1. Would you list, by chain and number, the lysines whose Cα falls below 19 Å from the Cα of K137, excluding same-chain residues fewer than 8 positions away?
2. For the charge dipole of region 39-148, defined by +1 on Lys and Arg C-beta atoms and -1 on Asp and Glu C-beta atoms about the Cα centroid, which residue among M112, N130, N96 has the Cα displaced farthest towards the positive pole?
3. Along the Cα-to-C-beta direction of K40, a point sits 7 Å from the Cα; which residues of region 82-118 have their amide N less than 16 Å from that point?
4. How much length would be gained if the chain were fully extended between H80 and V105, taking 0.36 nm per residue of separation minus their Cα-Cα distance, in nm to one decimal?
5. Can you pull out the trypsin sites (Lys or Arg not before Pro) in region 42-148 whose DSSP state is coil and whose Cβ has at most 16 other Cβ atoms within 10 Å?
6. Report the extension gain between S120 and E97 in nm, rounded to one decimal, defined as 0.36 nm multiplied by the number of residues separating them, less their alpha carbon distance.
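Nothing in this text is a laboratory measurement; each read-out follows from the coordinates by a stated rule. Quick caveat: nothing in here was measured; it's all calculated off a predicted structure. Positions of Cβ are backbone-derived with ideal geometry, glycine not excepted, and every protein chain shown enters the neighbour counts.
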Amino acid sequence: MRNLIKLILLLFVGIVFAACSSAPEPINFGQDHCEHCKMKIVDPKFGGELVTKKGRIYKFDAAECLILYIDENNPMEYAHVLAIAYDLPRKLLNVNELVFEIDSVYNSPMGMHLAAFGNSENGKGKTLMNWGSIQKKISASDFQFVAP
């Protein structure tokens, strides 16, 4: 009987820890909605995800929504800040491993023409920026989006 109680307690503790996981999860394109603008996430070349240290997951349809959400919700702490690379569709990568570029050839969902790249050679090369630089540029811009 004691072994059964120990087993049940062990299973319960395991379930509680699994529920508090701060691991990212894939974006379900065509089903998930952007936390910032509330639009459906449909383009696999754009998107992002925040995972809080407590395990709460926020999904975004574009890097610009991710940046604006972070600006509006500071000083929240995140376990993961991820974006999808234009050259690696559907794959969420740490934003510090990416380079970013604004160019009219990228039709990002929010219209800022912002794309992230896992390999800097895949960008058009005009002005590639790291995460800190693109955050400052987007935060300082007068870009405003009002959700419908």
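1. In chain and number order, the partners are K124, K126.
2. Value: N96.
3. 109
4. Details: separation 25, 0.36 × 25 = 9.00 nm, distance 2.84 nm.
Taking 0.36 nm per residue and subtracting the Cα distance, the gain is 6.2 nm.
5. In loop regions of region 42-148 (DSSP not H, G, I, E or B), the sparsely surrounded trypsin sites (Lys or Arg not before Pro) are K53, K54, R56, K124, K126.
6. 7.3 nm
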